[in-house]
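Scroll down for the structure; my scribbles are underneath it.
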Amino acid sequence: MSDVIDRSTTERSPADRRPGSLPDLDLASVEIPAQTFFQIAPPTQLAETLRLRLTEQCYLPKASDPLKDWIARVACPAFQNYRRRRPLAAERLERFCTIGTGAGLDALVAAEILRPGLIAVTDLHRDVVDQAMSNILANLETPERLILRSGVGDLLAPFQNSQLRFDLIYENLPNIPLPDGVSLDDGQASSSFIAARGESVPALAQSYLMDLHYAFLLQAHRFLNPDGAVLCSIGGRLPLQAMLQTFAAAGYDAEIILYSWKIQSEPDEVITGYAEAQQAGHGPFHFYLAEDLAAFFAKQPEITGNAGAEVLEKQLRPKQIDAATALTLHRQGKTIGHTVAVIEGRPKKAA
Ligand SMILES: C[S@@+](CC[C@H](N)C(=O)[O-])C[C@H]1O[C@@H](n2cnc3c(N)ncnc32)[C@H](O)[C@@H]1O
């Protein structure tokens, strides 16, 4: 398995009816064996080996190492936990949306685990969304059974004029302020960085760089069905309390449905971004040596719930390193990791 297999059209068997490359796009591709990569039962909705094609601006799935991959480490177990914790809601789940889909892998895993009848995907870039749609269709066993919708643009703005309402909206949006001289259109910049925004964001959320999650939460209210929920995937370089209070400020009851860890992907730009933000007065942010996280979580039973996650966060505190130290250790060749939290938010009911 390798992250990037080729940048050309691959040889295909006559039986392979997956869509080929889009015209005028520089396509790379990755292959992912679904069952082993996601550690799931043999897939029933997906091809055994997922073949995803990527454009320049598309977030790269970390096909060579599931410990670095957001979908393998975070989205897939979070969807499984959602099913276990909310069996009725999961059974009734008809309409699923993912904001900032990248390669479309989150939508594919949602199709396997949550089995909605409709999936909507968005991202900031036209080519990313078009390619995600091709990837989704190409890797489903029976694509005709799924209604697919897509939109290009900021958060839920693409669906502003539609009647679409969702049972579950997922996001794994970036946090770090866009550095000077970098554009969100440059390569994968929009996967790690966010541009300055217009919303008024509570001070705590702002200080921990939760601006885009908060903006998403504000918008999501009007796109949820009456019993609908959001799932936000958040790199835990900030205190869990800051995340939970951001949800409360946006009008949600929040419950941590996954508290886990992953290896920091894109470590140069991401750790540098947090170190610079910390220097500028944000945070403080924390990381860990990946070996410490691996050893700690290997001993833990699966934990969900706010109280359980906060106990783990406290137990891990002696191993925390701040962003500047993490950058130094990364430059010395150490593998850096961070915790992750997936938070289920349900709009607060009026008393
Ligand atoms: C970290 S990547 C996650 C990709 C994929 N969802 C996953 O979990 O692997 C973040 C994605 O969000 C997209 N994104 C960033 N800002 C966005 C915004 N304001 N609205 C919609 N999508 C955005 C990026 O282009 C990128 O594809």
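Here are the numbers for the structure shown:
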| quantity | calculated |
| --- | --- |
| Residue under evaluation A132, criteria (1) in a helix (DSSP H, G or I); (2) away from the ligand (no atom under 12 Å from the Cβ); (3) touching a residue at least 40 places away in the same chain (Cβ under 8 Å); (4) touching a helix residue (DSSP H, G or I) at 6+ places or on another chain (Cβ under 9 Å), criterion not met | (2) |
| Residue list for region 329-351, restricted to those being modelled with pLDDT of 95 or more, open to solvent by 40 Å² or more (accessible area, probe 1.4 Å) and under 30 Å from R222 (Cα atoms) | R346, K348 |
| Selection status of S183, farther than 30 Å from P301 by Cβ, more than 11 Å from the ligand (Cβ to nearest atom) and either hydroxyl-bearing (S, T, Y) or touching a residue at least 24 places away in the same chain (Cβ under 8 Å) (or both) | yes |
| Total residues in region 221-250, condition assigned to a strand (DSSP E or B) and either of a type in the set (K, R) or open to solvent by 50 Å² or more (accessible area, probe 1.4 Å) (or both) | 2 |
| In region 52-82, residue farthest from the ligand (Cβ to nearest atom) [restricted to those that are open to solvent by 10 Å² or more (accessible area, probe 1.4 Å) and under 23 Å from L93 (Cα atoms)] | Q80 |
| Residue among A277, A295, A326 that alone is farther than 24 Å from D106 by Cα, part of a helix (DSSP H, G or I) and open to solvent by 40 Å² or more (accessible area, probe 1.4 Å) | A295 |
| Candidates A111, A107, filtered to the one that is outside any loop (DSSP other than H, G, I, E, B) and either more than 12 Å from the ligand (Cβ to nearest atom) or open to solvent by 10 Å² or more (accessible area, probe 1.4 Å) (or both) | A111 |
| Contacts under 6 angstrom Cβ, first residue in region 283-299 being under 17 Å from P239 (Cβ atoms), partner aromatic (F, W, Y) and open to solvent by 30 Å² or more (accessible area, probe 1.4 Å), 6 or more apart | none |
| Filter result for the condition that a residue is under 15 Å from L231 (Cα atoms) and in contact (Cβ under 8 Å) with a residue 24 or more places away in the chain, over A110, A103 | A110 |
| Failed condition for S150, given (1) closer than 30 Å to P43 by Cβ; (2) more than 12 Å from the ligand (Cβ to nearest atom) | (2) |
| Which numbered condition I321 fails, given (1) more than 19 Å from R73 (Cβ to Cβ); (2) buried (at least 19 other Cβ atoms within 10 Å of the Cβ); (3) of a type in the set (A, V, I, L, M, F, W, C) | (2) |
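The values are calculated or read from the model by the stated rules, or taken from the named source; none is laboratory data. Not measured: the values here are computed from a predicted model. Because the Cβ atoms are built from the backbone with ideal geometry, glycine has one as well, and the counts that use them run over all protein chains shown. Surface areas here come from the heavy atoms of the whole protein model, side chains and all, with no ligands, DNA or RNA. Shrake-Rupley method; radii C 1.70, N 1.55, O 1.52, S 1.80 Å.
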